[in-house]
Every structure is written in C-alpha cells, then in structure tokens.
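The values are calculated or read from the model by the stated rules, or taken from the named source; none is laboratory data. Given the structure is predicted, the values throughout are model-derived calculations rather than measurements. Glycine gets a Cβ as well: all are built from the backbone with ideal geometry, and neighbour counts include every protein chain shown. Note: accessible area is taken over every heavy atom of the protein model, side chains too, but ligands, DNA and RNA are not part of it. Shrake-Rupley method; radii C 1.70, N 1.55, O 1.52, S 1.80 Å.
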Amino acid sequence: QVQLVESGGGLVQAGGSLRLSCAASGNIAHTNRMGWYRQAPGKTREMVATITSGGSTNYADSVKGRFTISTDNTKNTLSLQMNSLNPEDTAVYYCSARWWGNSFDYWGQGTQVTVSS
C-alpha cells in the first residue's frame, strides 16, 4: 500500500527556517501532482504549494517568496523549504500525492510546525 510520511516539523522562532520532507513508498516520478497543505487550529485546510509532473509550481499568496517546493527523484521525496517563518505559519502540514491511474489523492499523517514570536 502507498504511504506518505512527513518529517522535519518542530518549534522555531519567528524569522527562522525549517525544511519539511515527505517520503513516499510509491515512485514519485509516476505522480501527476504532489503538494503541501496546512491546517491551523480552528481553520480549514489550505493549499500551501503544489508541483506537477512537468515541474510547474503554485504557491499560496501568503508564502510566495518564502517557501519553495521541490522533488528529489533519486531520494523519492518531496520537500518544502520554509524561510522567514512567522507565527501565522503555525499549523499541521500535510503531504499529498496523486498517481497516474488514480482518481484520488493520498495523504500523510501530518507534521506540526510551531512558530513562536
């Protein structure tokens, strides 16, 4: 069965950086799209960044210029580099992926990111 496992979350001060990783049991080279989503307490889940099989990326306006999404096919991982973090970035971050031939997305269990002021 396909599994996605996030890592790299933690506590960081405002202005600091974190790098999140998502390890996949399935081959990410065969995905249509992968992405990072986040959900803060009392808020709905929102898209943070996505990347397609062709390398096209999209970012939420709130993270443009600060976050970078990327894939590493040799390591079979998806990453999110987060710089200049602020308390508004505090949330549980989830990795998602859709493989060719599927009509649904797979999701990881999430990793907590907490930014203190």
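Do the conditions hold for SER117, that is, is it open to solvent by 80 Å² or more (accessible area, probe 1.4 Å) and in contact with a Pro (Cβ under 7 Å, 6 or more places away or on another chain)?
yes
Run MET34 past the list (1) touching a strand residue (DSSP E or B) at 6+ places or on another chain (Cβ under 6 Å); (2) in contact (Cβ under 8 Å) with a residue 12 or more places away in the chain; (3) open to solvent by 30 Å² or more (accessible area, probe 1.4 Å) and report the number of the one that doesn't hold.
Evaluating MET34 over (1) touching a strand residue (DSSP E or B) at 6+ places or on another chain (Cβ under 6 Å); (2) in contact (Cβ under 8 Å) with a residue 12 or more places away in the chain; (3) open to solvent by 30 Å² or more (accessible area, probe 1.4 Å) leaves (3) as the failure.
Is it the case, given these coordinates, that SER84 is touching a residue at least 24 places away in the same chain (Cβ under 8 Å) and open to solvent by less than 40 Å² (accessible area, probe 1.4 Å)? Walk me through how you get there before you give the answer.
Numbers: touching a residue at least 24 places away in the same chain (Cβ under 8 Å): yes; open to solvent by less than 40 Å² (accessible area, probe 1.4 Å): no.
Answer is no for this residue.
Being in contact (Cβ under 8 Å) with a residue 12 or more places away in the chain, hydrophobic (A, V, I, L, M, F, W, C), over 16 Å from ALA91 (Cβ atoms) and in a loop (DSSP other than H, G, I, E, B): is that true of VAL63 here?
Numbers: in contact (Cβ under 8 Å) with a residue 12 or more places away in the chain: yes; hydrophobic (A, V, I, L, M, F, W, C): yes; over 16 Å from ALA91 (Cβ atoms): no; in a loop (DSSP other than H, G, I, E, B): yes.
Judged against the criteria, VAL63 is not a match.
Which ones in the range 46-60 are hydroxyl-bearing (Ser, Thr, Tyr) and open to solvent by 70 Å² or more (accessible area, probe 1.4 Å)? Talk me through it step by step, then tell me what you get.
Taking the range 46-60 first, the residues hydroxyl-bearing (Ser, Thr, Tyr) are 50, 52-53, 56-57, 59.
Answer for the range 46-60, where residues must be hydroxyl-bearing (Ser, Thr, Tyr) and open to solvent by 70 Å² or more (accessible area, probe 1.4 Å): just SER53.
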